Amino acid sequence: MTEQERKGLNQFVAKVRAYYGQRLHDVLLVGTRTRPDDPPFHDADVVVILKVANTAAIGELLRLADFGYDPLIETGLFINPWLLSVSDLTSTTDPDKVWIADLARKHANSVLESA
């Protein structure tokens with residue numbers, strides 16, 4: 001990830017942290033951006049994990065997409081946000097969430113503290 005892209009990711013994480021506050025459990029970078037070769041021009045798949053959340057609420061996903069707008073315009077980093085609760089991460093059976101929860105458990109880098 002370039003320095004400019006890292007700046008965009010940090011902007012996103014700061015907005016997420018400010019909005020969710022104590023409800024926020026972690027923010028994880030998953031997918032292609034976690035590979036050692038980190039190919040350029042890929043989106044950044046980011047999983048926002050809340051302590052408790054209605055992760056089916058479209059409004060929450062739209063809010064996360066909105067948080068990614070300024071970083072896209074300012075740095076060119078397209079953030080593809082995903083939303084999970086802690087319980088989703090550990091025990092979901094929802095077919096729309098199982099694969100992202102599995103990816104978050106096995107192949108993720110926390111970016112919450114580095115932002």
Scan the stretch 48-61 residue by residue and report those that are more than 13 Å from the chain's Cα centre (by Cα) and at pLDDT 90 or above.
LYS51
Candidate set: the stretch 1-41, residues that are basic (Lys, Arg) and in contact with a strand residue (DSSP E or B) (Cβ under 9 Å, 6 or more places away or on another chain); chosen: the one modelled with the lowest pLDDT
ARG33
Out of the stretch 58-115, which residues are in a helix (DSSP H, G or I), surrounded by fewer than 13 Cβ atoms within 10 Å (Cβ to Cβ) and among the β-branched types (Val, Ile, Thr)?
ILE58, ILE73, THR90, VAL98
Does the stretch 87-109 contain at least one residue that is of a type in the set (A, V, I, L, M, F, W, C), without any contact (Cβ under 8 Å) to a residue 40 or more places away in the chain and more than 17 Å from LEU28 (Cα to Cα)?
no
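The values are calculated or read from the model by the stated rules, or taken from the named source; none is laboratory data. Everything numeric in this text was worked out from a predicted model, so none of it was measured. Positions of Cβ are generated from backbone atoms using ideal geometry, with glycine treated the same way; all protein chains shown enter the neighbour counts.
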